[in-house]
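The values are calculated or read from the model by the stated rules, or taken from the named source; none is laboratory data. Note that the coordinates shown come from a computational prediction; the quantities given were computed from them, not determined experimentally. Every residue, glycine among them, receives a Cβ derived from its backbone with ideal geometry; neighbour counts consider all protein chains shown. Please note that ligands, DNA and RNA were not included when accessible areas were found on the heavy atoms of the full protein model with its side chains. Shrake-Rupley method; radii C 1.70, N 1.55, O 1.52, S 1.80 Å.
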Amino acid sequence: MESGVSTARLKPDAEERFQLLRRDLGVTSFGLNLMAFGPGGRSRVHRHERQEEVYLVLEGTLTLQLEDDEIDLGEGELARVAPEVRRQLVNRRRTPLVVLAMGGHGEHEGRDGHAYTSWEDQEGGSPREIPFPEDLPESELRE
């Protein structure tokens, strides 16, 4: 796992159907891809050995084609698909479809975070014990 912080920009208008965000960011513990489909575009029919996937629709309508069913998901909707389920992502609309796909396997580590009451706080505690700070005052907001 790389240390520090890395950034990337989503490129839904690129010519490539897949943007390998995991690679762009140096993520090693889960898969992360942006998928962009033009009208009628679709993925391969596929499944996984161990990796479950979550699809988040950022733009358009995703038709998640399954062996015996299909599910339509709109902007802001998500679906989790178990590894063994064969699926195909389809854009049945005349408008673009942009999907964020996340995948991983193994048990989730749970909350391993440490929260702090301020930047000066060096001890911190469990995120469950540290309340959210007050919102920024109006004078500190940017346009």
When both residues are 6+ apart or on different chains and their Cβ atoms are under 6 Å apart, which pairs have a first residue that lies in the range 62-77 and is in contact (Cβ under 8 Å) with a residue 60 or more places away in the chain and among the aromatic types (Phe, Trp, Tyr), and a second that is buried (at least 16 other Cβ atoms within 10 Å of the Cβ) and assigned to a loop (DSSP other than H, G, I, E, B)?
none
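Pick from ASP68, ASP72: which is in a loop (DSSP other than H, G, I, E, B) and open to solvent by 50 Å² or more (accessible area, probe 1.4 Å)? Show your work before the answer.
Numbers: ASP72 fails: in a loop (DSSP other than H, G, I, E, B).
Just one listed residue meets the conditions, ASP68.
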Provide a single number: the residues in the range 11-43 that are in contact (Cβ under 8 Å) with a residue 40 or more places away in the chain, open to solvent by 60 Å² or more (accessible area, probe 1.4 Å) and not aromatic (Phe, Trp, Tyr).
3
Note on the range 13-37: residues under 17 Å from LEU56 (Cα atoms) and either out of contact with any helix residue (DSSP H, G or I) (no Cβ under 7 Å at 6 or more places or on another chain) or basic (Lys, Arg) (or both) are ARG17, PHE18, GLN19, LEU20, LEU21, ARG22, PHE30, MET35, ALA36, PHE37
Checking ARG142 against (1) over 28 Å from ALA8 (Cα atoms); (2) of a type in the set (Lys, Arg); (3) at pLDDT 90 or above, the condition it does not meet
(1)
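Pick from the range 94-120 the residues that are part of a loop (DSSP other than H, G, I, E, B) and touching a strand residue (DSSP E or B) at 6+ places or on another chain (Cβ under 9 Å): which of them is nearest to VAL57 (Cα to Cα)?
As a first pass, look at the range 94-120 and keep what is part of a loop (DSSP other than H, G, I, E, B): 94-96, 105-114, 116-120.
With the extra rule that they be touching a strand residue (DSSP E or B) at 6+ places or on another chain (Cβ under 9 Å), the set shrinks to 95-96, 105, 114, 116-117.
On the way: THR95: 13, PRO96: 11, HIS105: 21, HIS114: 31, TYR116: 33, THR117: 34 Å.
Ranking the qualifying residues of the range 94-120, first place goes to PRO96.
Filtering the range 121-130 down to residues that are in a loop (DSSP other than H, G, I, E, B) and without any contact (Cβ under 8 Å) to a residue 12 or more places away in the chain, which residue is surrounded by the most Cβ atoms within 10 Å (Cβ to Cβ)?
Initially, the range 121-130 is screened for residues in a loop (DSSP other than H, G, I, E, B), giving 121-124, 126-130.
Add one more test, that the residue is without any contact (Cβ under 8 Å) to a residue 12 or more places away in the chain, and what stays is 121-124.
On the way: ASP121: 11, GLN122: 7, GLU123: 7, GLY124: 14.
Applying the filter and picking the extreme gives GLY124.
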From the list VAL90, VAL99, which residue is crowded, with 16+ Cβ neighbours inside 10 Å and under 14 Å from the mean Cα position of the chain (by Cα)?
VAL99
